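Below is one structure, written out as structure tokens, with a few remarks after it.
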Amino acid sequence: MTGADGDVRSRSDGDVRSRSEEVPSRSEEVARIERDAADAIGAATTSAALAEVQTAVLGKRSALALAHRDLAALDADARRTAGKVLHDVRTRLETLVAARAQELGAAERAAMLEQDRLDLTEVTESEVRSAISRGRLHLVNQTQRELEDVFVAMGFTVAEGPEAETDWYNFEALNIPPAHPARSMWDTFYLELGQPETVVLRTHTSPVQIHLMEDSPPPVHAVMPGRCYRRETPDARHLAVFHQMEGLVVDHGITFADLAGTIETFTTRYFGADIHSRLRPGYFPFTEPSAEVEVTCTICRGAGCRTCSGTGWVELAGCGMVDPAVFEAVGIDPEEWTGFAFGFGIDRCAQMRHVIADMRVLTENDVRFLRQF
Ligand code: FA5
């Protein structure tokens, strides 16, 4: 037996044997220390376990360190030779530890990356829960898209224009000069007064007609959806911020019959054949002749109620043949081109189609109402 205190130790029974018989030689002992240490290093399966093995096989209390201390008992020559052997063993064990540390570190990093990998296709429990309450388009936006689809199917393109308009686009080019009485029914919010131009929040989508005719020569077959603003006290059929779907057709030989046929086709496709619609003479400064499109009130089925102010009818749109003065304002020859225009209330269409007694619910954002659509 070897120990820190000498080459040979007496057995507990006090029976001392000769070195050659029972006690392993120094070199056998060192070989065993190296073998055991190498096995322990190879058996470590984590970096933390390896750190412990490193302390056990190379640290101050390791068998190797004790063997080194035993060298003191040897004479100078033997100490030098044995010291070199121990040094070489330490170097080899350190190399083994370093190699194993690299292996384990790489495996652990790979495992961590795998664990942290972001799987974008994975459906988590919270996603399943949120899918149940997933949002959707507001009824007005849904309606706008449905109206666009109906008109696109009829050969119209879709265009948009600004919500802040100069006085010229919102009024003057539409044949509504300053002080024209029609301005009072389209009173709105003024963003700038006069300097250099009056700028308003548009009261209707009709100014987009002007932009379109200025920007592209006829023929024109377009619808123009968008938000409008009016100085209005909200009630069952009116909002201060609402939406319109403008329509404009400019071509050769367009007549009122084309306008009436287009309106009829639209109302039948959007509301179904059961809805009763009519054109009633109306007045707009930018169309001549002009009309209003009305449908039987879907709330009372024509009997008269609060929503339709007791008339049994609800106005959905204004329309008419484009006034020659408008063509002249945008440089289109009214002798060559004719056209019609219309402006449907999108919120009003949604109201009648979905039988909503009071339009104000559209702006209240009550999800119990909105989630029905
Ligand atoms: C106009 O705004 C014209 N620009 C329509 C037009 C276009 C006529 C092209 C001729 C040619 P009016 O103010 O009537 O017209 O509005 C048209 C439609 O918008 C109404 O029939 C209604 O459906 C809707 N509407 C108007 N005011 C409101 C409001 N305050 N709240 C909700 N919807 C409204």
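Just checking the listed ones, 83, 272, 310: in the Gaussian network model of the chain with Cα springs under 10 Å, the one fluctuating most is 83.
Once the chain from residue 103 to residue 193 is taken as fully extended at 0.36 nm per residue, the excess over their C-alpha distance is 24.7 nm. Legend note: in the chain, cysteines whose Cβ sits 4.7 Å or more from every other cysteine Cβ are 228, 319, 349. Note on region 334-373 and region 218-243: Cα centroid distance 9 Å, given to the nearest whole angstrom. Comparing 54, 144, 351 in a Gaussian network model of the chain (Cα springs below 10 Å), the most mobile by mean-square fluctuation is 54.
Solvent exposure of the chain, expressed per residue, is 56 Å² of accessible area, with all protein chains present and a 1.4 angstrom probe. Between residue 36 and residue 136, the modelled labels are 7.6 nm apart [label points 7 Å from Cα along Cα→Cβ]. Beta-bridge orientation, the chain: approximately 95 percent antiparallel, per DSSP, counting only bridges with both partners inside.
For the pair region 269-316 and region 124-164, the centres of their Cα atoms are 25 angstrom apart. For the residues 90, 360, 145, a GNM of the chain with alpha-carbon springs under 10 Å puts the largest fluctuation on 90. Just the number, please: carbon plus sulfur as a percent of the accessible area of the chain, 1.4 Å probe, no ligands or DNA/RNA counted. Ligands and nucleic acids excluded, carbon and sulfur reach 52 percent.
Panel values: the chain, Kirkwood radius from alpha carbon pairs, Stokes-Einstein at 10 °C and 1.306 mPa s, translational diffusion coefficient 56 µm²/s. These residues, 319, 305, go from largest to smallest accessible area, 1.4 Å probe, as 305, 319.
Panel values: region 204-268, Kirkwood radius from alpha carbon pairs, Stokes-Einstein at 25 °C and 0.890 mPa s, translational diffusion coefficient 179 µm²/s. Taking Cα atoms only, the orientation of helix 139-153 departs from the longest principal axis of the chain by about 70 degrees.
The values are calculated or read from the model by the stated rules, or taken from the named source; none is laboratory data. Predicted model, so just to flag it, every value in this text is computed and none were measured. All Cβ positions, even for glycine, are placed from backbone atoms using ideal geometry, and neighbour counts span all protein chains on display. Ligands, DNA and RNA are stripped out before the accessible areas are found, and what is left, the full protein with its side chains, is counted by its heavy atoms. Shrake-Rupley method; radii C 1.70, N 1.55, O 1.52, S 1.80 Å.
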